[in-house]
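Scroll down for the structure; my scribbles are underneath it.
The values are calculated or read from the model by the stated rules, or taken from the named source; none is laboratory data. Keep in mind that this is a model prediction, so the values were computed, not measured. Here the Cβ positions follow ideal geometry from the backbone for every residue, glycine too, while neighbour counts run over all protein chains shown.
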Amino acid sequence: MSVGVRRRLGELAKTVRSKNAGVDKITFDIIFSDRDTYELVKRSGVLTMASVAALYGIGEDRISDFVTFDPALAIKFTIYRPAPSGSPGDADIFGAQQYAPLLDIEVPID
Amino acid sequence: MPAQTLRFLCPNGHLGFAPLKTDSFFRGVRSRPDFILADSGSDDIGPGPLGSDTSTSPQEWQRHDLEHMLLAARDLEVPMIIGSAGDTGANSRVDLYVAMIRDIARRHGLAPFRIGWFYSEVPASLVRARMLAGEAITGLDGRPDLALAELEATDRIVAVAGVHPYKALLDQGADVIIGGRSSDSVIFAAPAIRAGYPEALAYYLGKVLECASFNAEPYGGKETVIGEISMTDVKVTAMHPAQRCTVASVAGHAMYERSNPFYEHVAGGRLDMTHCFYEQSDEKTTRITGPSFTPSEEIRVKLEGSGKVGERYVGFVGIRDPYTVAHVDEVIDWARQQVRERFGDDGYQLHYQVYGRNGVMGDLEPLKDRPGHELGVLVFGVAPTREMAEEVTITGTRQMFYARLPEVKGTAGGVAFPLDEVVRASPAYRWTLNHTMRVDDPLELFPLHLDEVRP
């Protein structure tokens, strides 16, 4: 058994995406193609309200939802936007490109 | 007891935003569904269309889909229902779609049919009167209750309808319904509830169908799907030969664009999908059981409002000098200061998006201290008049050229201009209302109309 092996979330997940959830929030979906990988990442503890808040440099109070969703083999969280979508200064009207930092999260797999 | 099942055909998840794909649509139509339906709205497109009373979708594409759906629905003699007409569901968008339906019917010489429509716009004066009478207009998603100043800053408000106006128009005998702003799911739920199916399954049917083939795999939008409701389950089937509705794709869609995969709020209650059970019933079909629905004690209708911030211009500069890249914030501060000296501290907005550093993510960017070897800076100026917006933007852009960095080697110009001008953009708007308001009668904000369409 190897020790300390890690893989990037971008390699382990089938889908990593972000999108508006209404005008005031952006929601993130991390979806896996098999139950083992999903359970592995869930158990690993690298994806939590605290880790996500730290990654995006926001307080946990800015996260409105953080859930695991077994039927879809998915981990999902939602943040309050800095400003409503499409306001002057908002660079991502659809919230569609906010997921990239999640791809580099390292997941221990042994 | 209703007939054993009813089948609902949905060809598009946001009618008009891109045209429906015709092969899977005709495949679905040949299976003789009981209803043909599509949602046409979204608040995803930003506050501009609602505020400026425009569509973001080209009329050609709106007409393309309405024509295909109308001809099929009249041929099969089944109801056709469109929700949130023309992206925003504003009154002018409903009128536009009703006129298109009449025109398409005339061109094709269709036999007479009844068209029903309803409006969703709410005058600010009505909201103000309720606020002054002590009614709270409750903020959603962490917003405070509506303040009068925020209402004053609003140009247009739409109320988001539940199933009620659709049921009422079907009761009146409408063959075609063009709806104002509505929750996506209710256009499907209304006919199912009216036919006697359980509310929980009816709203779930709407949830699963509202984005058409986004609930199927492999990924591919604008393809037709068909949902079938019985007294005990909902089944959803992909019509495209290469697409399937799988447990993963259908459950995955339950999460799409929503803060939480378990709950969906509509005017009149809440759909709970926590105990949904998904199973593959044939190669292209997934069967869902187990949603529940809780009616609310009072009916609260969601209000969406957009207000104009100002006229808007855009400028762009490039930066290649590594010293300037490292000190881009000082360059921006210099340009801001020149704008401040001309226009003061407020009465306008000036925004800089620094691509190559954190242009896409702003403060959320974890790598903002690792800029690339070159940067592109987009400059937005917003002000009450076009003239002022243009001057704010050109000052905020051109003054970057003159920024005084103490140790920069290049002293002939601090940035690169791909255009020696600024460009007029559409006016800037913002979402002023994302709130709910209590109503006594679920139809009171949605005036109904019915007319016969004759050749």
Is at least one residue of segment B:317-326 free of Cβ contacts under 8 Å to residues at least 40 places away in the same chain, away from every other protein chain (no Cβ under 14 Å) and in a helix (DSSP H, G or I)?
no
Restricting segment B:295-312 to residues that are aliphatic (A, V, I, L, M) and more than 14 Å from chain A (Cβ to nearest Cβ), the residue that is surrounded by the most Cβ atoms within 10 Å (Cβ to Cβ)
B:Val301
Restricting the search to segment B:135-157, which residues are outside any loop (DSSP other than H, G, I, E, B) and touching a strand residue (DSSP E or B) at 6+ places or on another chain (Cβ under 9 Å)?
B:Thr138, B:Gly139, B:Glu150, B:Leu151, B:Glu152, B:Arg156, B:Ile157
Just need a number here: residues in segment B:68-107 that are within 29 Å of B:Leu445 (Cα to Cα) and acidic (Asp, Glu).
3
Exactly one condition in (1) within 14 Å of the chain's Cα centre (by Cα); (2) at pLDDT 95 or above is false for A:Gly59; which is it?
(1)
Candidate set: segment B:14-69, residues that are buried (at least 17 other Cβ atoms within 10 Å of the Cβ) and part of a strand (DSSP E or B); chosen: the one nearest to the other protein chains (Cβ to nearest Cβ)
B:Gly41
Scan segment B:399-437 residue by residue and report those that are assigned to a loop (DSSP other than H, G, I, E, B), more than 26 Å from A:Ala91 (Cβ to Cβ), β-branched (Val, Ile, Thr) and touching a residue at least 60 places away in the same chain (Cβ under 8 Å).
B:Val408
Residue selected from segment B:70-90 under the condition among the charged types (D, E, K, R) and part of a helix (DSSP H, G or I), by the criterion surrounded by the fewest Cβ atoms within 10 Å (Cβ to Cβ)
B:Asp75
Identify all residues within segment B:373-419 that are surrounded by fewer than 20 Cβ atoms within 10 Å (Cβ to Cβ) and of a type in the set (Gly, Ala, Ser); write none if there are none.
B:Gly376, B:Gly410, B:Ala412, B:Gly413, B:Ala416
Going through segment B:302-334 one residue at a time, which ones are over 18 Å from B:Gly46 (Cβ atoms) and in contact with a Pro (Cβ under 7 Å, 6 or more places away or on another chain)?
B:Phe316, B:Gly318, B:Val325
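Taking B:Thr324, is it at pLDDT 95 or above and assigned by TED's automatic domain parsing to the domain that holds B:Tyr263?
Answer is no for this residue.
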Please determine, by comparing only the residues of segment A:70-98 that are surrounded by fewer than 20 Cβ atoms within 10 Å (Cβ to Cβ) and under 13 Å from the mean Cα position of the chain (by Cα), which one is nearest to the other protein chains (Cβ to nearest Cβ).
A:Gln97
Between a residue in segment A:22-40 that is more than 7 Å from chain B (Cβ to nearest Cβ) and under 12 Å from A:Thr78 (Cα atoms) and any residue that is assigned to a strand (DSSP E or B) and of a type in the set (Val, Ile, Thr), which pairs come within a Cβ distance under 6 Å, given they are 6 or more apart or on different chains?
A:Ile26/A:Ile79; A:Ile30/A:Val16; A:Ile30/A:Ile75
Exactly one of B:Gly139, B:Gly109 is more than 23 Å from B:Gly41 (Cβ to Cβ), touching a residue at least 60 places away in the same chain (Cβ under 8 Å) and surrounded by fewer than 20 Cβ atoms within 10 Å (Cβ to Cβ), and that one is B:Gly109
Any residue in segment A:57-69 that's surrounded by fewer than 17 Cβ atoms within 10 Å (Cβ to Cβ): show its pairings with residues that are assigned to a loop (DSSP other than H, G, I, E, B) at Cβ separation under 8 Å, as long as the two are six or more apart or on different chains.
A:Gly57/B:Pro366; A:Val67/B:Asn260; A:Val67/B:Pro261; A:Val67/B:Phe262
Taking segment A:39-53 only, how many residues are in contact with a helix residue (DSSP H, G or I) (Cβ under 7 Å, 6 or more places away or on another chain), in a helix (DSSP H, G or I) and within 11 Å of A:Ile105 (Cβ to Cβ)?
1
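Would you confirm whether or not segment B:193-202 contains a residue that is under 19 Å from B:Asp87 (Cβ atoms) and assigned to a loop (DSSP other than H, G, I, E, B)?
no
Looking at the structure I just gave you, is B:Asn215 within 23 Å of the chain's Cα centre (by Cα), among the polar types (S, T, N, Q) and surrounded by fewer than 23 Cβ atoms within 10 Å (Cβ to Cβ)?
no
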What's the total number of residues in segment A:1-15 that are in contact (Cβ under 8 Å) with a residue 60 or more places away in the chain, outside any loop (DSSP other than H, G, I, E, B) and surrounded by fewer than 19 Cβ atoms within 10 Å (Cβ to Cβ)?
4
